1. Can you tell me which of Gly27, Gly34, Gly55 is over 23 Å from Leu105 (Cβ atoms) and small (Gly, Ala, Ser)?
2. From the set of residues in the stretch 139-167 that are under 22 Å from Ser78 (Cα atoms), in contact (Cβ under 8 Å) with a residue 12 or more places away in the chain and of a type in the set (D, E, K, R), which is surrounded by the fewest Cβ atoms within 10 Å (Cβ to Cβ)?
3. Name the residues in the stretch 118-138 that are without any contact (Cβ under 8 Å) to a residue 24 or more places away in the chain and within 18 Å of Asp29 (Cβ to Cβ), would you?
4. Is it the case that the stretch 84-91 has a residue that's among the hydroxyl-bearing types (Ser, Thr, Tyr), under 23 Å from Ile159 (Cα atoms) and modelled with pLDDT under 95?
5. Taking only the stretch 1-47 into account, find how many residues are touching a Leu at 6+ places or on another chain (Cβ under 9 Å) and loosely packed, with under 14 Cβ neighbours inside 10 Å.
6. Just checking, does the stretch 141-160 include any residue being in a helix (DSSP H, G or I), farther than 26 Å from Thr53 by Cα and out of contact with any Phe, Trp or Tyr (no Cβ under 7 Å at 6 or more places or on another chain)?
Amino acid sequence: MTHVELRPLTPADRNWVRQFIITHWGGEDMVVHGQIFRPHEHEGIAAYDGEQTVGLITYRVDSASSTSKAGEILSLDSLREGEGIGTALLSAAIAAVRACVCTQLTLVTTNDNIRALAFYQKRGFVIAAVRLGAVAAARRFKPTIPLVAENGIPIRDEIEMAIDLSA
């Protein structure tokens, strides 16, 4: 793995995180399970090679019930794939969410994102739910979501993945 420094986001980072999300995700809003999220308003960790940003993960912690908490990955980007940056960011986020006494960490991807499905499963995540047709509903909030991915697969469904943090 390339040597990178991981730094938790601070309030001073919000503007550049917003611009990063707009650049890499096509807008500042993300629509997941029928809710709108703005990743720059949440916790996160950035990866740096010197002063150059080479990756970013954003996440949130939410009380699932009065007795347990859950975390959710909102975004993960490695600008230099295959160097372990995404894995390092994911590991750091898992540690941060676990430190908040969360018992589960989830994320949502879409049916076309074959690389993400493989990446997360190799790191212990399992498919927890499939929401058929959910992306059509998300397009009402964010019409810029493409109908078809670059790989030619129609973008239709949300796939929720989870990892148990209680062990």
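1. Working: Gly34 fails: over 23 Å from Leu105 (Cβ atoms); Gly55 fails: over 23 Å from Leu105 (Cβ atoms).
Just a single option satisfies the conditions, and that option is Gly27.
2. Selected residue: Glu160.
3. Within the stretch 118-138, Ala136 is the sole residue that qualifies.
4. Just the residues of the stretch 84-91 that are among the hydroxyl-bearing types (Ser, Thr, Tyr), to begin with: 87, 91.
Pick out the ones that are also under 23 Å from Ile159 (Cα atoms) and you get 87, 91.
Then drop every residue that is not modelled with pLDDT under 95, which leaves none.
Scanning the stretch 84-91, I find no residue that is among the hydroxyl-bearing types (Ser, Thr, Tyr), under 23 Å from Ile159 (Cα atoms) and modelled with pLDDT under 95, so the answer is no.
5. Looking only at that region, the number is 1.
6. Yes, there is a match, as at least one residue in the stretch 141-160 is in a helix (DSSP H, G or I), farther than 26 Å from Thr53 by Cα and out of contact with any Phe, Trp or Tyr (no Cβ under 7 Å at 6 or more places or on another chain).
The values are calculated or read from the model by the stated rules, or taken from the named source; none is laboratory data. Please read all numbers here as calculations on a predicted model, not as lab measurements. Positions of Cβ are backbone-derived with ideal geometry, glycine not excepted, and every protein chain shown enters the neighbour counts.
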